[in-house]
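Take a look at the structure below.
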Amino acid sequence: WKIAVLLAVLTAIEVGLYYIDRQLDLGMVNSLALIALAFLKFVIVVGWYMHLRYEKSTLNRFFVAGFVLAGSLYMTVLIALGVVAIRGG
């Protein structure tokens, strides 16, 4: 149940970041922090609850590839909607 408590704490941090961002407008820093927390939670859930740490590395690569693909799509949508700005040189 230690994993469940850890996931609850990480979720509380995410919620806290949301409310802090509403007050301070952290912008991209907040987005990157939330993405990093999502990645950490993904690794914990996949590694522990799906027993991926005991599987072959090929299966691990499929999950990493899926996360990278989903993250790329997410960032593309954020850029397209103007939430994340890309500044040139």
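The values are calculated or read from the model by the stated rules, or taken from the named source; none is laboratory data. A quick note: this is a predicted structure, and the numbers were derived from the prediction, not measured. FYI the Cβ positions are ideal-geometry reconstructions off the backbone, even for glycines, and counts take in every protein chain you see. These area figures cover heavy atoms from the full protein model, side chains too; ligands, DNA and RNA do not enter into them. Shrake-Rupley method; radii C 1.70, N 1.55, O 1.52, S 1.80 Å.
May I ask you to list the trypsin sites (Lys or Arg not before Pro) in the range 1-58 that are in a DSSP loop and have at most 13 other Cβ atoms within 10 Å of their Cβ?
For trypsin sites (Lys or Arg not before Pro) across the range 1-58 that sit outside H, G, I, E and B with at most 13 neighbouring Cβ atoms in 10 Å, the list reads Lys56.
Which of these values of log10 I(q)/I(0) by the Debye sum over Cα atoms at q = 0.17, 0.23, 0.26 Å⁻¹ was calculated from the structure shown: (i) -0.76, -1.22, -1.38; (ii) -0.68, -1.27, -1.56; (iii) -0.87, -1.17, -1.27?
Calculated log10 I(q)/I(0) by the Debye sum over Cα atoms at q = 0.17, 0.23, 0.26 Å⁻¹: the matching label is (iii).
Loop only by DSSP, 13 or fewer other Cβ within 10 Å of the Cβ. Give me the chymotrypsin sites (Phe, Trp or Tyr not before Pro) in the range 1-58 that pass, ordered by residue number.
Those that pass, being in a loop and sparsely packed, are Trp1.
Quickly estimate the mean residue ellipticity at 222 nm for the chain, helices only: each DSSP H run with n ≥ 4 gives -39500 (n - 2.57), and the total goes over all residues, rounded to 500.
The helix contribution divided over the chain gives -25000 deg cm²/dmol.
If you count only protein heavy atoms with a 1.4 Å probe, what accessible area per residue comes out for the chain, rounded to a whole Å²?
Result: 78 Å² of accessible area for each residue.
I need the shape label for the range 1-50. Rule: rounded when a/c is under 1.5, else prolate if a/b > b/c, else oblate, with a, b, c from the alpha carbon gyration tensor.
oblate
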